[in-house]
Amino acid sequence: MTPLPLLLLAASPTPAATPAPAAAPAPIQRPQTVAPLPGGLDAVLVVNDNNPELISEPGILLSTFPGQGRSQPAAHLNLPLNGRFDLFSHHVYAGKPDQLNSTLWLAVVAQPRGAQPVTLQLLAGSTALSQATDRVQPQAPFLPLPELMPQDGSTFSGPGSRVATELLGRQRNPLLPERWTLPPGQPSTLLVLPLPVRGLDPLLNGRNLQLRLQSSGAVSLATLAAFGEGDQPPPPERWAALLDGGLSAKEHTPTPRGSSGKLVYSRVSGVQVGSTWRATLTDPGQPYLSASRAPISWPIASLERGSLGTRQVQTAELKAFYPGTAWAAHGNYGVEYDLTLPLRNGGPQPVQLQLALESPIKGDQAIGGLRFKAKPGPPVMFRGTVEVSGLDGPDGKPTGRQGFHLVQRVGQQGPALGSISLAPGGRRTLRVRLIYPADATPPQVLSLLPVKQSPEQPEPSR
């Protein structure tokens, strides 16, 4: 065989090796204490309506009505609500490609369980769309906000952020009535709210609704979804007919409780026990928290396989829920955290501390601290407002309530919300409040960190 010319051999080189992608920077481990959060959830019932998140068809989203005598009894959880209870509802509508102006309507209906009228009082409430298509409905687009901004009452990123912020500020949305009187024997429509996609690209919109309610008697409550005619909502008889029908299709079947392997949390469609987590954070057996405990962090919204080594699962249990949906309220969406930190400097030197809400790398094992990413992101883990009182003001004196809006990415440390200066023997009480917002991903931590003051007080490892 005649050999190939050297020129031809040279003209057919082997392909150059593709450079290997640069390795991601190793996580940063911050040695510190990670302690279970004291306190616990109250016993207030919360109607948690989040499955399906993406509504694909009309029907019952969630119902606490009795199923007896109805065409599909399994569509109802048969659980009376009395006195204080809440509603958390979060849904998305993707529109119809053949109907660019379509609107999905959401309704909340309620009925007394007995033969007497019942008054429902709205203690606080808010609702918002991702994007409004008119000037009536409040909106909160997912804006690319800085990681930390002062909360001026109008700083939001996403409807969950806006609703949680307004509830934290003890506001009532003007679209929501202050009270309802429910006659016995028939369901009353409390709210009818649009989820429009007209003019949006893509055809996608979301709505968050949260209500804090007080009833004068036992009631049943349901959330329903239906299409109207054009921009007009369905007539009242349509809602009554839906209540006698079936469930709107659910999504994301959960991993059974206690199973090993991959965990699918799923979304919640049920009634949870717990609306507020109250706690005072102190040294064991003492009425104060020593400043020398810093650096120390406490989980916020810790959940199954995300306890950050504390073995504390803060997730609210469900009193009733539908098959094929989450078996606990993973993430505690809509739950208020109300935390008090009575600080005391028992040392001979002045100290300065910083307070932060952070989004460490999720984990379940104790590792002697927390892990963070050298370069956080890109997924956003927290969009919402934290309210703090007791931080240092410009004059060094403690301030009143201050709000901060945070946008945090996965594995992000800080930023600091403010500092606390304590002289030897000094005391300061901090109060931290937040409502865990929709559009966030748990868990987070509340951190108390030392600020470097002198060689004898080193700065925490970062």
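Restricting attention to segment 329-345, the residues being out of contact with any Phe, Trp or Tyr (no Cβ under 8 Å at 6 or more places or on another chain) and either basic (K, R) or free of Cβ contacts under 8 Å to residues at least 60 places away in the same chain (or both) number 0.
Look at G411 and say whether it is surrounded by fewer than 22 Cβ atoms within 10 Å (Cβ to Cβ) and either of a type in the set (F, W, Y) or on the phi > 0 side of the Ramachandran plot (or both). Judged against the criteria, G411 is not a match. Within segment 414-436, the set of residues being surrounded by 17 or more Cβ atoms within 10 Å (Cβ to Cβ) and not in a strand (DSSP E or B) comprises G414, Y436.
Within segment 165-180, if we keep just the residues that are at pLDDT 95 or above and assigned to a loop (DSSP other than H, G, I, E, B), the residue that is nearest to M149 (Cα to Cα) turns out to be L176. Taken over segment 197-232, residues that are crowded, with 19+ Cβ neighbours inside 10 Å and at pLDDT below 95 amount to 1.
Given the condition touching a Phe, Trp or Tyr at 6+ places or on another chain (Cβ under 7 Å) and more than 24 Å from P323 (Cα to Cα), answer yes or no: does some residue in segment 134-142 qualify? So far as segment 134-142 goes, yes, one or more of its residues are touching a Phe, Trp or Tyr at 6+ places or on another chain (Cβ under 7 Å) and more than 24 Å from P323 (Cα to Cα).
Would you be able to say whether some residue in segment 245-261 is touching a Leu at 6+ places or on another chain (Cβ under 6 Å), surrounded by 15 or more Cβ atoms within 10 Å (Cβ to Cβ), within 21 Å of E53 (Cβ to Cβ) and without any contact (Cβ under 8 Å) to a residue 24 or more places away in the chain?
So in segment 245-261, the residues touching a Leu at 6+ places or on another chain (Cβ under 6 Å) come out as 248, 255.
Still in the running and surrounded by 15 or more Cβ atoms within 10 Å (Cβ to Cβ): 248, 255.
Going one step further and asking which of them are within 21 Å of E53 (Cβ to Cβ), we end up with 248, 255.
So of that shortlist, the ones also without any contact (Cβ under 8 Å) to a residue 24 or more places away in the chain come out as 255.
Checked segment 245-261: at least one residue is touching a Leu at 6+ places or on another chain (Cβ under 6 Å), surrounded by 15 or more Cβ atoms within 10 Å (Cβ to Cβ), within 21 Å of E53 (Cβ to Cβ) and without any contact (Cβ under 8 Å) to a residue 24 or more places away in the chain.
Of all residues in segment 343-388, exactly one satisfies the criterion of being more than 23 Å from T165 (Cβ to Cβ), β-branched (V, I, T) and part of a strand (DSSP E or B), namely V351. In segment 240-280, the residue that is nearest to L106 (Cα to Cα) out of those that are among the charged types (D, E, K, R) and either in contact with a Gly (Cβ under 8 Å, 6 or more places away or on another chain) or not in a loop (DSSP other than H, G, I, E, B) (or both) is K250.
The values are calculated or read from the model by the stated rules, or taken from the named source; none is laboratory data. For clarity, every value in this text was computed on a predicted model and none was experimentally measured. With ideal geometry, Cβ positions are generated from the backbone for all residues, glycine too; neighbour counts draw on all protein chains shown.
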